[in-house]
1. Would you check which residues across the range 12-35 are in contact with a helix residue (DSSP H, G or I) (Cβ under 6 Å, 6 or more places away or on another chain) and crowded, with 17+ Cβ neighbours inside 10 Å and list them?
2. Looking at (1) surrounded by fewer than 21 Cβ atoms within 10 Å (Cβ to Cβ); (2) under 20 Å from the mean Cα position of the chain (by Cα), which is the only condition residue 213 fails?
3. Can we say residue 267 is part of a strand (DSSP E or B) and either more than 19 Å from the chain's Cα centre (by Cα) or not assigned by TED's automatic domain parsing to the domain that holds residue 239 (or both)?
4. Does residue 141 satisfy being surrounded by 15 or more Cβ atoms within 10 Å (Cβ to Cβ), under 27 Å from residue 31 (Cβ atoms) and in contact with a helix residue (DSSP H, G or I) (Cβ under 6 Å, 6 or more places away or on another chain)?
5. Can you work out which of the residues in the range 36-62 that are farther than 25 Å from residue 274 by Cα and out of contact with any helix residue (DSSP H, G or I) (no Cβ under 9 Å at 6 or more places or on another chain) is surrounded by the fewest Cβ atoms within 10 Å (Cβ to Cβ)?
6. Restricting to the range 227-256, give me the number of residues that are buried (at least 21 other Cβ atoms within 10 Å of the Cβ), in contact with a helix residue (DSSP H, G or I) (Cβ under 9 Å, 6 or more places away or on another chain) and not in a loop (DSSP other than H, G, I, E, B).
7. Which residue out of 187, 178, 155 is outside the structural domain of residue 20 (by TED's automatic domain parsing), part of a helix (DSSP H, G or I) and either in contact with a strand residue (DSSP E or B) (Cβ under 6 Å, 6 or more places away or on another chain) or free of Cβ contacts under 8 Å to residues at least 24 places away in the same chain (or both)?
8. Output the residues belonging to the range 291-312 that are out of contact with any helix residue (DSSP H, G or I) (no Cβ under 8 Å at 6 or more places or on another chain) and assigned to a helix (DSSP H, G or I).
């Protein structure tokens with residue numbers, strides 16, 4: 001199964017807006033630009049990394065932001081990391097990230113509102129409604145901006161690419177057959193596509209959504225939809241955990257992250273900001289080499305173009 005073929009599996013889309021208060025969020029309220037953001041959870045704390053493009057002349061409202069001592073400068077943007085201290089906001093974000101089948105498409109700030117754009121399976125609409133009903137209509141800081149059918153991968157990536165150029169990096173390693181789930185999939189369901197939702201880490205590890213062409217019969221996964229062969233699991237794979245940590249520290253957002261199998265190799269296909277793609281390659285190659293003891297191979301490296309959509 002190709003990565004581009006899984007877009008029909010998670011068939012619903014929801015966008016929620018959560019108003020943030022104090023600190024940098026009061027400064028952002030004076031701005032009219034969409035600010036790309038990367039939200040992730042770590043040790044029961046929720047953080048937001050904000051990315052301010054260097055292109056264009058910064059307005060007066062940006063001056064206090066760019067003067068902060070914790071500002072990190074990258075090639076194409078400045079980045080600031082802020083902990084979300086709103087207890088109710090943290091709780092709701094964490095519940096949404098951990099909800100069955102939820103996969104984030106995009107996160108961004110517009111003025112003082114944090115927008116979370118995510119996909120989920122229609123069979124989990126009740127669970128999502130239960131979470132949203134605890135805050136929507138009861139808290140003025142939360143609102144639903146959109147609840148519709150999901151868009152395909154190409155539409156999502158090209159929209160983001162128009163705002164911040166993206167690149168695709170594909171790296172391969174030998175299939176780690178010491179992992180029981182990986183061994184099962186490699187032997188019985190090798191055309192399965194795994195989508196890694198690395199923004200949230202629960203007690204079980206990193207969330208992984210599995211899109212198969214036939215039923216997965218394993219106690220290591222739970223079914224999201226047996227009709228659509230969508231499954232979910234949590235893993236503590238060392239290379240995933242280390243790559244996630246190093247990416248966060250380097251302030252490189254992973255826009256989308258997939259694993260596929262071909263023969264005896266496991267392929268990691270990741271969408272990242274184009275200007276930081278080479279640094280991401282260096283981080284991942286070093287991490288994978290240290291973890292697996294074998295040389296990973298860089299298989300593909302390119303900005304988004306027409307050729308990409310012919311094979312992905």
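1. Within the range 12-35, 12, 18, 31 qualify.
2. (2)
3. Taking the combined requirement at face value, the residue does not satisfy it.
4. For residue 141, the condition - surrounded by 15 or more Cβ atoms within 10 Å (Cβ to Cβ), under 27 Å from residue 31 (Cβ atoms) and in contact with a helix residue (DSSP H, G or I) (Cβ under 6 Å, 6 or more places away or on another chain) - is not met.
5. Among residues in the range 36-62 that are farther than 25 Å from residue 274 by Cα and out of contact with any helix residue (DSSP H, G or I) (no Cβ under 9 Å at 6 or more places or on another chain), the one surrounded by the fewest Cβ atoms within 10 Å (Cβ to Cβ) is 43.
6. 4
7. 187
8. Once the filter is applied, which keeps residues that are out of contact with any helix residue (DSSP H, G or I) (no Cβ under 8 Å at 6 or more places or on another chain) and assigned to a helix (DSSP H, G or I), the range 291-312 yields 308, 310, 311.
The values are calculated or read from the model by the stated rules, or taken from the named source; none is laboratory data. Quick caveat: nothing in here was measured; it's all calculated off a predicted structure. Backbone-built Cβ (ideal geometry, glycine too); neighbour counts: all protein chains shown.
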